[in-house]
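Working notes, beginning with the structure itself.
Nothing in this text is a laboratory measurement; each read-out follows from the coordinates by a stated rule. This one's a predicted model, so the numbers in the text were calculated from it and none came from an experiment. Quick reminder, even Gly has a Cβ in these numbers, built from the backbone with ideal geometry, and neighbours come from all protein chains shown.
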Amino acid sequence: MPRRTLGPFAELANLPAIDSTDDMGLMERMDLVNETLAAAGCHCNGHAAGHQRDEYWGADLSELVSRCAAHDIRSEGGVTSVSIKIETLRVEVDGNNEICAWIYEES
């Protein structure tokens, strides 16, 4: 089945920066992304076969949203502060609208 890309999503534009220590803020942002994907008709892996692996993308969204908060990465060149730009989020879906890949830009 052909794959296609959905997004970026208007609902994720112009959101305020998120703090990695704000658990409630992280949960609310995860809910927003989940609702946005559901409204776009996206499903998790296994949906079409009737045995969904992670119905609400909990693990993926937790990692994705946590990385939206500025965080340091270390490399041979030193330390750089980066974050995911959630407003650039796109998803690649298969013919069943199951998400196959998360696509986004980093700062």
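Structure notes:
- Rounded to the nearest 20, the Cβ-based charge dipole of the chain about its Cα centre (Lys and Arg +1, Asp and Glu -1) stands at 360 debye.
- Per-residue [θ]222 nm for the chain (sum of -39500 (n - 2.57) over DSSP H runs n ≥ 4, rounded to 500): -7500 deg cm²/dmol
- Nonlocal amide H pairs with ILE86, under 5 Å, H built at 1.01 Å: none
- Each of ILE18, ILE73, ILE84 has some number of other Cβ atoms within 10 Å of its Cβ, and from fewest to most they run ILE73, ILE18, ILE84.
- Residue exposure sequence - TYR56, TYR104 - by fewest surrounding Cβ within 10 Å: TYR56, TYR104
- Most mobile listed residue (SER66, SER75, SER83) in the chain, GNM with C-alpha springs under 10 Å: SER75
- Net charge over other residues, Cβ less than 13 angstrom from the Cβ of VAL93 (K, R count +1; D, E count -1): 0
- Three-way shape label, the chain, alpha-carbon gyration tensor, a/c 1.5: prolate
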